[in-house]
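Asks: If you scroll down you'll find the structure; I have some questions about it.
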Amino acid sequence: MQKNIVVIGAGTMGNGIAHTFAQNNFKVELVDVNIKSLDKAIQTISNNLDRMVIKEKISDLKKKNTLKNITKKTKIVNTSKNAMLVIEAATENLELKLQIFKDLDKHYDQSTILASNTSSISITQIASSTKRPNKVIGMHFMNPVPLMKLVEVIKGYETDLETLEFINHITKIIHKIPVEVNDYPGFIANRILLPMINEAIETLNHGVSSVKNIDAIMKLGMGHPMGPLQLADFIGLDICLSILDVMYEGFKSPKYVASPLLKNMVLAGKLGIKSKEGFYDYSNSKKAEVVSKQFQ
């Protein structure tokens, strides 16, 4: 099997996907129009590898080889046309994804499989912008990608069996566990997770309890590794809102209507860890130790 892939987008998910494939001996072309984003991504990958070396999970040689396996590119047209797989990990925006897949379809060989890391947008709709809908599929990785085992594998309406089997196989090669789902808004992970997060936000909005107590109840009582409000900050409140909006548009069910508090926080730029403030204050630490002043 040739082992060359392309990752579109050098953000949190894109650099995590590139890291994971490169660490498993794939040659990765990481593409982003912003060279600063690419440099930041490589530094993030290097830092994460350093932590793995310190914990003796990998050797220093493995770290060096992983970084050697990644090449930075600022344009799709500068990547090799015969990549076995392209994974799009750009912003969760339908119009942007449709344009990216249109461009991917033009540039890559017809044998190349095109995958999206979308967390909620229809794979069938994304595939409609290409002339190879049978070769388009969803690969929804979980954050942080190098650590989380799950990959939701989403079959579009026209995704063929060969594509599905290939993605299941390659997911196992990179030591992840593929779980197949059909193409419905939010798939499985977010269709179940986001209403829970939204309800936690509404519970806070109605003054039922505090940020820390809501999170403590779900951690201590339900065995969750982090509470729903901390998790919302980790995901990004703008991403949470976007996913809820996609599900509401898809189902027209009031249970997917985003909490007014969530909408207001996004409008105010309080997006969680990435803006250094959400339900918790991350000015001094990325750990959810200090509750945001708004909720104290």
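Any read-out appearing in this document is the output of simple, stated calculations on the displayed coordinates, not a laboratory observation. Keep in mind that what you see is a predicted model, and the values were worked out from it rather than measured. Counting neighbours? That spans all protein chains shown, and the Cβs are built from the backbone with ideal geometry, glycine included.
Asks: To check my understanding: the extent here is largest minus smallest coordinate of the Cα atoms along each principal axis. What are those three numbers for the range 236-280, in Å, largest first?
Replies: If we take the Cα atoms of the range 236-280, the spans are 33, 16, 15 Å.
Asks: Follow-up. How would the range 169-257 be classified by its alpha-carbon gyration tensor: rounded, prolate or oblate, with rounded meaning a/c under 1.5 and the a/b versus b/c comparison settling the rest?
Replies: Judged from the Cα gyration tensor, the range 169-257 comes out oblate (a/c at least 1.5, b/c at or above a/b).
Asks: List the trypsin sites (Lys or Arg not before Pro) in the range 79-154 that DSSP assigns to loop (not H, G, I, E or B) and whose Cβ has at most 12 other Cβ atoms within 10 Å. Which are they?
Replies: The qualifying sites are Lys81, Lys131, Lys149.
Asks: Continuing with this model, one more query. Can you give the FRET efficiency to the nearest 0.05 for Lys55 and Met222, using r as the Cβ-Cβ distance and R₀ = 25 Å?
Replies: 0.30
Asks: So in the range 4-182, what percent of DSSP beta bridges are antiparallel if you round to the nearest 5?
Replies: Once the DSSP bridges in the range 4-182 are tallied, antiparallel ones form about 15 percent.
Asks: I need the shape label for the range 28-162. Rule: rounded when a/c is under 1.5, else prolate if a/b > b/c, else oblate, with a, b, c from the alpha carbon gyration tensor.
Replies: Prolate.
Asks: Which net charge results for the neighbourhood of Thr12, defined as the other residues with beta-carbon distances under 14 angstrom from its beta-carbon, given Lys and Arg at +1 and Asp and Glu at -1?
Replies: Around Thr12, the charge tally is -1.
Asks: Between Thr66, Thr20, Thr44, where does the largest GNM mean-square fluctuation fall for the chain, given springs only between Cα atoms within less than 10 Å?
Replies: For the chain, modelled as a Gaussian network with Cα springs under 10 Å, the answer is Thr44.
Asks: If you don't mind, there's one more thing I want to ask. Taking only DSSP H segments of four or more residues, each worth -39500 (n - 2.57), what value at 222 nm results for the chain once the sum is divided by all its residues, to the nearest 500 deg cm²/dmol? Walk me through the intermediate numbers first.
Replies: Values: 11 runs with 133 residues, N = 296.
Result for the chain, helices only: -14000 deg cm²/dmol.
Asks: Further question: Among Ile243, Ile273, Ile58, determine the one that fluctuates most according to a GNM of the chain built with springs between C-alpha atoms less than 10 Å apart.
Replies: In this elastic network of the chain, the residue with the biggest mean-square fluctuation among Ile243, Ile273, Ile58 is Ile58.
Asks: Considering the Cα trace of the chain, what is its radius of gyration and what is Dmax, both in angstroms?
Replies: Taking only Cα atoms of the chain, I get Rg and Dmax of 19.4, 56 Å.
Asks: Sticking with this structure for a sec: Just to verify a number: FRET efficiency for Lys287 and Ile35, C-beta to C-beta distance, R0 = 41 Å, to 0.05?
Replies: 0.85
Asks: Could you work out how far apart the two model spin labels at Thr91 and Asn47 are, taking each label as a point 7 Å from the Cα in the direction of the beta carbon, and quote it in nm?
Replies: Those two pseudo-labels are separated by 2.2 nm.
Asks: Using a Gaussian network model of the chain with C-alpha springs under 10 Å, which one of Leu96, Leu67, Leu244 is most mobile by mean-square fluctuation?
Replies: Leu96
Asks: Enter the angle in degrees (range 0 to 90, nearest 10) between the Cα long axis of helix 161-173 and the first principal axis of the Cα atoms of the chain, meaning the one along which they spread out most.
Replies: Approximately 70 degrees, to the nearest ten.
Asks: Rank these for me by crowding, Val179, Val6, going from fewest to most other beta carbons within 10 Å. Can you show the working numbers first?
Replies: Numbers: Val179 17, Val6 27.
Ascending number of Cβ neighbours within 10 Å: Val179, Val6.
Asks: Could you tell me the center-to-center distance, by alpha carbons, between the range 146-213 and the range 1-51 in angstrom?
Replies: The range 146-213 and the range 1-51 have Cα centres separated by 21 Å.
Asks: Charges on Cβ only, +1 for Lys and Arg, -1 for Asp and Glu, centred on the Cα centroid of the chain; of Met222, Pro254, Val291, which one is farthest towards the dipole's positive end?
Replies: Ranked along the dipole, the leading option is Val291.
Asks: What shape does the range 75-222 have by the C-alpha gyration tensor, where a ≥ b ≥ c are the square roots of the eigenvalues, rounded means a/c under 1.5, and otherwise prolate means a/b greater than b/c and oblate the rest?
Replies: It is prolate, given that a/c is not under 1.5 and a/b is the larger ratio.
Asks: Looking at the range 105-162 from every direction and averaging, what is the projected area of its Cα convex hull in nm²?
Replies: Averaged projected hull area, Cα only: 4.4 nm².
Asks: Something else: Determine the dipole magnitude for the chain: charges of +1 sit on the beta-carbon of Lys and Arg, -1 on that of Asp and Glu, nothing else is charged, the reference point is the Cα centre, and the result goes in debye to the nearest 20.
Replies: Roughly 900 debye, rounded to the nearest 20.
Asks: How tilted is helix 94-107 with respect to the longest principal axis of the chain? Cα atoms for both, answer in degrees (0 to 90, nearest 10).
Replies: 10
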